[in-house]
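Please treat every number below as a calculation from the coordinates, not as lab data. Predicted model only: the values in this text are computed from it and were never measured. Here the Cβ positions follow ideal geometry from the backbone for every residue, glycine too, while neighbour counts run over all protein chains shown.
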Amino acid sequence: MSHQFNFCPNCANPLEMIAQLEDGGAKERLRCVACGWTHWNNPTPVLAAVIQYQDQILLARNAAWPGRRFALITGFMEAGESPKEGIAREIKEETDLDVSELNLIGAYEFLRMNQVIIAYHAVAHGEVKLSPELAEYKLYGYDTVKCWPAGTGYALADWLRSRGHEPEFIDLFQRG
């Protein structure tokens, strides 16, 4: 999700959509005519983990989500940490599990939220204790977990393929 600015955070003048020549040609962005400040609106990096726990995949349901959808553990990077450090921290904060192995799966766009998802495979150990942010978790077999047609679902599908499993995708619009 992009942040909507109406006023310049530098000088408080109203921002305007102004086209300006940049590398690659003219680009329209919110800009301040008074001081020249530009709202770049670049994507935010988000970290995600396909957690392998007790030889199964751990998915969790966010307490704020309606319904019973389960997904990967995700979170934002913090200043001063690497993506690997960030996803290990998120896994610990949200599940209380310790990570013994982290391997990059890939990077995935999530255009609707203006995010880039950096996905890892994590081997995790310990006893699951969910943070208040998560309502519940489930463990899925590699041949029974279903992927979803969005950034983190594609990461799960790529990891399953790398392990010799053909992913099956759910229909997000199917009711039932």
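Tabulated results
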| quantity | calculated |
| --- | --- |
| Computed FRET value (nearest 0.05) for ILE18 with GLU78, which takes r as the C-beta separation and R₀ as 41 Å | 0.80 |
| Between 0 and 90°, nearest 10: helix 151-162 axis offset from the chain longest Cα axis | 40 degrees |
| The chain - mean residue ellipticity at 222 nm from DSSP helices (-39,500 (n - 2.57) per run, n ≥ 4, rounded to 500) | -4500 deg cm²/dmol |
| Within the stretch 44-169, percent of DSSP bridges classed antiparallel, to nearest 5 | 70 percent |
| Within a Gaussian network of the chain (alpha carbon springs, distance under 10 Å), most fluctuating of GLU93, GLU136, GLU28 | GLU28 |
| Compactness of the stretch 1-41, expressed as Rg and Dmax over alpha-carbon positions, Å | 10.2, 29 |
| Kirkwood Rh in Å, taken over the chain so that all alpha-carbon pairs contribute | 18.2 Å |
| Degrees separating the helix 83-95 axis from the principal Cα axis of the chain, which is the longest one | 60 degrees |
| Computed label-point distance, nm, for sites TRP37 and ARG68 using a 7 Å Cα→Cβ extension | 4.8 nm |
| Linear extension gain, GLU28 paired with ILE170, 0.36 nm per residue minus alpha-carbon span | 47.4 nm |
